[in-house]
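Let me begin by presenting the structure, written as structure tokens, before commenting on it.
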Amino acid sequence: MPGIVIVGVQWGDEGKGKVVDYLTEKACLVVRFQGGNNAGHTLVVEGKKTALQLIPSGILRPSTRCLLAAGVVVDPVSLLEEIERLKNIGIEVTPQRLGIAGEVQLILPYHRLVDVAREAKNKIGTTKKGIGPAYEDAVSRQGVRMIDLTDEVYLRELIERNVSNKNMTLETVLGSNEKLSVEKTIDEVFAIREKLIPYIANVSVEVTNALKEKKSVVFEGAQGSLLDINHGTYPFVTSSNTVAGFACASAGVGPKAIDSVVGICKAYCTRVGEGPFPTEDLTVAGETLRSRGAEFGTVTGRPRRCGWFDSVAVRKAVRMNGIDSLFLTKLDVLTGFTTVRLGVKYTLGGKTIDDVPTSSRMLSQVQVEYEELPGWDEDLTGVRKFEDLPANAQKLVRRIEELSQTKVGGFSVGPDREQTIILDSSLTRLAGS
């Protein structure tokens, strides 16, 4: 069985969790490889919704073990709250079901304060959950990692140093009146450390051994490719690498571990927060997409900006990730539109450009050339085969294949697990269907 990476090819919220859930019926491991509790997945199984923030989507499969790899950042309090929420609906997240790499960086109270103060000073559109500041501490070698919870003396030293440094930053750099108590922060961390220590795992060894034994390993990304810290619409990006190549670096395995990359995208497009969004629709059509698609953030509840499928952006994501097939979500949301628009080309200064500009300022100035396809009125939610789609919906899927230069390996016609249709035989084998 293969190592398969699931990534978003737009600006996040593409429905990755739904696809991971569907594809992990017979998976041995599901490995989350980046991000923190700023990314959420809402899964629907037999009409029952389950909202996840940090725990991998494979947790709904009883025989699948979930792992958080080294490139993830973990808010201990938020994680324990999520574990408790799942317990209350009958899902036990024990150390047998969830492992966390010892290298994982922890989000602590001072990270959240810095995030809030910085966002107030220079609005980027973060979730204010301390994700960025935690990654900053990691690269400046000041971070507190999961493994540090096992060493009380060293843990205390780290917290004392960091609280002192962050209090200085809050006051002198960010002009904030907030100030943290060293002892209160230490008490908060020490109160939960014993609960977290049993979850520490050697993710690199586990993943390597599973792949050697030909077991299925699914690597799950968060956010979307166009929010990658290096390759996204900088500075309006997330704080980690969201592209498929980072899955190996995070999990501690070589690139040969990956057999396939699946890109998830909506049949239209959304974005949360600030930053350029070329195909955004600010008319009634955009509001209709938001309403029909329930486009509100799983974690924050923020309304998502809505617009049309952007083939230029998707082609960039396909190239960056080495995507083998696309999975198209929320096709049903387009029912009722007289015409469906597809962004097919950018122009800037009267000249056609073939790729997403590196500069966000330039991207905000591009003009989009659209292609319009006829819509349909038929309800898609009961469709279970491609051939049962209305002719115009079939034409849309095939046109997206042409524009993205990638085959569509599956699509969904509703939020439930059963409303997922797989076209690619390799994905069918993985899903155990």
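Here are some notes:
- Scanning the stretch 164-189 for residues that are part of a loop (DSSP other than H, G, I, E, B), of a type in the set (S, T, N, Q) and in contact (Cβ under 8 Å) with a residue 24 or more places away in the chain turns up just one, S176.
- Applying the condition of being open to solvent by 10 Å² or more (accessible area, probe 1.4 Å) and of a type in the set (S, T, N, Q) to the stretch 52-109 and asking which residue is farthest from S164 (Cα to Cα) yields S63.
- Only one of D137, D75 that is in contact with a strand residue (DSSP E or B) (Cβ under 8 Å, 6 or more places away or on another chain), of a type in the set (D, E), touching a residue at least 40 places away in the same chain (Cβ under 8 Å) and under 30 Å from R271 (Cβ atoms): D75
- The number of residues in the stretch 365-423 that are in contact with a Ser or Thr (Cβ under 6 Å, 6 or more places away or on another chain) and acidic (D, E) comes to 1.
- Considering the stretch 247-364, there are no qualifying strands (runs of 3 or more DSSP E) wholly inside with 3 or more residues that are under 30 Å from I100 (Cβ atoms) and among the acidic types (D, E).
- Failed item in (1) assigned to a helix (DSSP H, G or I); (2) modelled with pLDDT of 95 or more; (3) closer than 30 Å to V253 by Cα, with P133 passing the rest: (2)
- Among residues of the stretch 104-130 being in contact with a strand residue (DSSP E or B) (Cβ under 6 Å, 6 or more places away or on another chain) and in a loop (DSSP other than H, G, I, E, B), the one that is nearest to S181 (Cα to Cα) is I107.
- Restricting the stretch 281-302 to residues that are within 20 Å of the chain's Cα centre (by Cα) and of a type outside the set (G, A, S), the residue that is surrounded by the most Cβ atoms within 10 Å (Cβ to Cβ): E295
- Set R341, R319, R305, R315: member being under 21 Å from the mean Cα position of the chain (by Cα), among the basic types (K, R) and within 14 Å of P278 (Cα to Cα): R305
- When the stretch 305-323 is filtered for residues that are in contact (Cβ under 8 Å) with a residue 60 or more places away in the chain and crowded, with 20+ Cβ neighbours inside 10 Å, the ones remaining, listed by number, are W308, F309, D310, S311, A313, V314, A317, V318, M320, N321, I323.
- Meets criteria (open to solvent by 70 Å² or more (accessible area, probe 1.4 Å) and in a helix (DSSP H, G or I)) for R156: yes
- For the stretch 33-52, residues that are more than 19 Å from V243 (Cβ to Cβ), in a loop (DSSP other than H, G, I, E, B) and modelled with pLDDT under 80 total 3.
- Residue pairs meeting the criteria (Cβ under 6 Å; at least 6 apart or on separate chains; first touching a residue at least 24 places away in the same chain (Cβ under 8 Å), in the stretch 358-369; second exposed (fewer than 14 other Cβ atoms within 10 Å of the Cβ) and among the aliphatic types (A, V, I, L, M)): V366/L348
- The residue that is surrounded by the fewest Cβ atoms within 10 Å (Cβ to Cβ), counting only those in the stretch 406-433 that are among the acidic types (D, E) and modelled with pLDDT of 85 or more, is E418.
- Checked against (1) under 30 Å from K128 (Cβ atoms); (2) open to solvent by 10 Å² or more (accessible area, probe 1.4 Å), T329 passes all but a single condition, namely (2).
- Hits in the stretch 377-412 (condition: part of a loop (DSSP other than H, G, I, E, B), closer than 16 Å to V340 by Cα and in contact with a Leu (Cβ under 8 Å, 6 or more places away or on another chain)): L380, L389, P390
- Subset of the stretch 341-361 [farther than 25 Å from T283 by Cα and of a type in the set (V, I, T)]: T352, I353, T358
- Filtered residues of the stretch 129-146 (kept if open to solvent by 20 Å² or more (accessible area, probe 1.4 Å) and touching a Lys or Arg at 6+ places or on another chain (Cβ under 7 Å)): K129
- Index of the failed condition, R161 passing every other in (1) without any contact (Cβ under 8 Å) to a residue 24 or more places away in the chain; (2) open to solvent by less than 60 Å² (accessible area, probe 1.4 Å): (2)
- When the residues of the stretch 12-32 are filtered to those that are part of a loop (DSSP other than H, G, I, E, B) and open to solvent by 10 Å² or more (accessible area, probe 1.4 Å), the one that is modelled with the highest pLDDT is C28.
The values are calculated or read from the model by the stated rules, or taken from the named source; none is laboratory data. Just so we're clear, the structure is a prediction, and the values are computed from it rather than from any experiment. A quick note on method: Cβ atoms are made from the backbone with ideal geometry, for glycine too, and the neighbour counts reach across all protein chains shown. Ligands, DNA and RNA are excluded from the accessible area calculation, which covers all protein heavy atoms including side chains. Shrake-Rupley method; radii C 1.70, N 1.55, O 1.52, S 1.80 Å.
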